[in-house]
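Below is one structure, written out as structure tokens; the observations come after it.
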Amino acid sequence: RARRSAPGTKQMKILKTTGDAFVNSRADGSGEVKLLPEHEEDLWHAFNLVVVGDAVAASTFRKVQRETSTGSTTSDRVKLTLQIEVCTVDFDPEAGELRLSGSVMGDSRGEAPEGVRL
């Protein structure tokens, strides 16, 4: 059941939920939630949802360098969806940033593409 917000306010978009992580207002650690934050306040709410040990995925770009048979190098930017195991969670309200740090678990397929250093 969707919660209603006060008139004139906007809610963060919940794109997908699986499992029973938020059934009956109970966060028991199982399941997945895919969010689309659109406002700084949405990041504050995400900050209050993410805990140490969670697996979090986000899109990023990585520079891939390849060496040709002649010895020259070329580089390309590759878009990846990396997944990390969260070690720290920080929210900076002045900058409007949610910062998560942790160990990279792999890309969305569970491994790094060839030539990409994670």
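The values are calculated or read from the model by the stated rules, or taken from the named source; none is laboratory data. Everything numeric here is computed off the predicted structure, so don't read it as measured data. No Cβ is skipped: glycine too gets one built from the backbone with ideal geometry, and neighbour counts run over all protein chains shown. We work out accessible area using only protein heavy atoms, side chains counted, and drop any ligands, DNA or RNA first. Shrake-Rupley method; radii C 1.70, N 1.55, O 1.52, S 1.80 Å.
Scanning region 42-64 for residues that are open to solvent by 80 Å² or more (accessible area, probe 1.4 Å) and in contact with a Lys or Arg (Cβ under 9 Å, 6 or more places away or on another chain) yields a count of 2.
Being in a strand (DSSP E or B), modelled with pLDDT under 80 and of a type outside the set (Asp, Glu) is a description that does not apply to Gly102. Any residue at all in region 80-91 that is among the polar types (S, T, N, Q), modelled with pLDDT of 85 or more and exposed (fewer than 13 other Cβ atoms within 10 Å of the Cβ)? Yes, because at least one residue in region 80-91 is among the polar types (S, T, N, Q), modelled with pLDDT of 85 or more and exposed (fewer than 13 other Cβ atoms within 10 Å of the Cβ).
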